[in-house]
């Protein structure tokens, strides 16, 4: 399962970055995102037109939630990275926990953060 990070979905709406890959995954119903990315996208809408475009996109991209398994994975990721002196922030820790708990592959432009997580699958 491919899970899109916030930056990739923003790029898709702007027609840049991984837009072609996102379009292919959307056509096949094979793309997911996280509730964290959903929150980041919706809260970042600057006007009604942007909000409408985001809502339309998110209707086509199911969000994976933060359940107990994902929260546990996220907390372990966060503690481990903080101990090593390489924290990535709470939102990215939560995204990583959701992706890990769901056995997914993260499609992101922010490889610098997510490459720090052992075993994290990146597209």
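Every number here is computed from the coordinates shown, using simple stated rules; none is lab data. Keep in mind the model is a prediction, meaning the values are calculated, not measured.
Annotations
- Chain lengthening between residue 112 and residue 26 when straightened (0.36 nm per residue, less Cα-Cα): 28.4 nm
- Sequence-distant contacts, meaning Cα pairs under 8 Å at least 6 residues apart, place the relative contact order of the range 65-123 at 35 percent.
- Rounded if a/c under 1.5, otherwise prolate or oblate - the chain, Cα gyration tensor axes: prolate
- By definition, a body whose alpha carbon gyration tensor gives a ≥ b ≥ c is oblate when a/c is 1.5 or more and a/b is not larger than b/c, and the range 1-42 fits this oblate description.
- 0 to 90° range, to nearest 10: angle between helix 68-83 axis and the chain longest Cα axis: 60 degrees
- The range 2-114: relative contact order in percent, alpha carbon pairs under 8 Å with at least 6 residues between: 33 percent
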